[in-house]
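The values are calculated or read from the model by the stated rules, or taken from the named source; none is laboratory data. Please read all numbers here as calculations on a predicted model, not as lab measurements. Glycine gets a Cβ as well: all are built from the backbone with ideal geometry, and neighbour counts include every protein chain shown. Surface areas here come from the heavy atoms of the whole protein model, side chains and all, with no ligands, DNA or RNA. Shrake-Rupley method; radii C 1.70, N 1.55, O 1.52, S 1.80 Å.
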Amino acid sequence: MNIYLKDNQLATENLVVGTSVYGEQLIKSDNKEYRIWNPTRSKLAASLLNGMEKLDISESSKVLYLGASTGTTVSHISDIIKDGLIYAVEFSPVTAKKLVRLANQRTNIAPILGDATKPKEYLNIVEKVDLVYCDVAQPTQTELFVKNMNIFAKEDGKGLLMLKARSIDVVQKPKKIFKEEEKKLKEKGFTVLEKIKLEPYEKDHIAFLVEKNF
């Protein structure tokens, strides 16, 4: 993957030289420009720093990103998949405006104003993808992730679920919630390849990297 260590920090090679997305530091090295990838601003960066090894995103990968927000993590994936495409789904019209501005700078981002719980709404827009990435903090986040995986993941595609325990239940212990949600994934026919807790970057979060048992 096009992910680097620069000054002992995670970084991606900047697709749009001279432009930062969220105020991140830009570093020149070997006649190239890199963007420092802040793990407190991106759960994917936190997952990688905490040891995720089995995620494989190539330069030509197609990604469906659920819960794209303003595009912080989306922008780093955009750096990684130079010749690929990210379908970036965001529910909030206000937030989606910023995502559209980002997509105007980066041609491999296709912003979609949509509801991740209703994937049929964007069924005619999104093709089969190599990775379904889900960062939608709500009680049904596992269910909506499964629904999108079943529709859009290629046969050999993977899924990455960023699970926030407090969005599912504020009373139960996160450890119990993680076990219950992992059980749901397995019951729906998924193999959990890796599970990575995101502390100290994100509290009460876990990343599940899965593949579908077709």
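For segment 179-211, give me each residue that is touching a Lys or Arg at 6+ places or on another chain (Cβ under 8 Å), buried (at least 19 other Cβ atoms within 10 Å of the Cβ) and either part of a strand (DSSP E or B) or of a type in the set (G, A, S) (or both).
If the condition is that a residue be touching a Lys or Arg at 6+ places or on another chain (Cβ under 8 Å), buried (at least 19 other Cβ atoms within 10 Å of the Cβ) and either part of a strand (DSSP E or B) or of a type in the set (G, A, S) (or both), then F190, H205, I206, A207, F208, L209, V210 are the ones that fit.
Can you name every residue in segment 119-151 that is part of a helix (DSSP H, G or I) and open to solvent by 10 Å² or more (accessible area, probe 1.4 Å)?
Just the residues of segment 119-151 that are part of a helix (DSSP H, G or I), to begin with: 119-122, 141-151.
If the condition is that a residue be part of a helix (DSSP H, G or I) and open to solvent by 10 Å² or more (accessible area, probe 1.4 Å), then K120, E121, E143, V146, K147, N150, I151 are the ones that fit.
Which condition breaks for A116 when tested against (1) farther than 23 Å from I57 by Cβ; (2) in a loop (DSSP other than H, G, I, E, B); (3) small (G, A, S)?
Every condition holds for A116 apart from (1).
Would it be correct to say that G84 is free of Cβ contacts under 8 Å to residues at least 12 places away in the same chain, of a type in the set (G, A, S) and farther than 21 Å from E194 by Cα?
Working: free of Cβ contacts under 8 Å to residues at least 12 places away in the same chain: no; of a type in the set (G, A, S): yes; farther than 21 Å from E194 by Cα: yes.
No, not satisfied.
Kindly indicate which of K154, K176, K158 is open to solvent by 10 Å² or more (accessible area, probe 1.4 Å), assigned to a strand (DSSP E or B), within 25 Å of E199 (Cβ to Cβ) and not polar (S, T, N, Q). Step through it out loud before you land on a result.
Details: K154 fails: within 25 Å of E199 (Cβ to Cβ); K176 fails: assigned to a strand (DSSP E or B).
Just one listed residue meets the conditions, K158.
Among the numbered conditions (1) within 22 Å of D135 (Cα to Cα); (2) assigned to a strand (DSSP E or B), tell me where L48 comes up short.
Here L48 clears every test but (2).
In segment 76-86, which residues are assigned to a loop (DSSP other than H, G, I, E, B) and surrounded by 19 or more Cβ atoms within 10 Å (Cβ to Cβ)? Even if it seems obvious, please write down each step before you answer.
Here is the first cut: in segment 76-86, the ones assigned to a loop (DSSP other than H, G, I, E, B) are 81-84.
I81, G84 - these are the residues of segment 76-86 that are assigned to a loop (DSSP other than H, G, I, E, B) and surrounded by 19 or more Cβ atoms within 10 Å (Cβ to Cβ).
Checking the condition under 16 Å from H76 (Cα atoms) and β-branched (V, I, T), which residue from V132, V94 passes? Give the steps one after another, and end with the answer.
Details: V94 fails: under 16 Å from H76 (Cα atoms).
None of the other options fit; the residue is V132.
Those residues that are of a type in the set (D, E), touching a Gly at 6+ places or on another chain (Cβ under 7 Å) and farther than 27 Å from K54 by Cα, I need them from segment 104-133; list them, please.
Filtering segment 104-133 for residues of a type in the set (D, E) gives 115, 121, 127, 130.
Applying the additional criterion that residues be touching a Gly at 6+ places or on another chain (Cβ under 7 Å) yields 121, 130.
Of everything in segment 104-133, just one residue is of a type in the set (D, E), touching a Gly at 6+ places or on another chain (Cβ under 7 Å) and farther than 27 Å from K54 by Cα, namely E121.
When you go through (1) on the phi < 0 side of the Ramachandran plot; (2) surrounded by fewer than 21 Cβ atoms within 10 Å (Cβ to Cβ) one by one for G18, which number turns out not to apply?
Here G18 clears every test but (1).
Results for (1) open to solvent by 50 Å² or more (accessible area, probe 1.4 Å); (2) more than 18 Å from V132 (Cβ to Cβ); (3) part of a helix (DSSP H, G or I); (4) not hydrophobic (A, V, I, L, M, F, W, C), shown as yes or no for each residue.
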| site | (1), (2), (3), (4) |
| --- | --- |
| E53 | yes, yes, no, yes |
| S60 | yes, no, no, yes |
| A68 | no, no, no, no |
| V74 | no, no, yes, no |
| A88 | no, no, no, no |
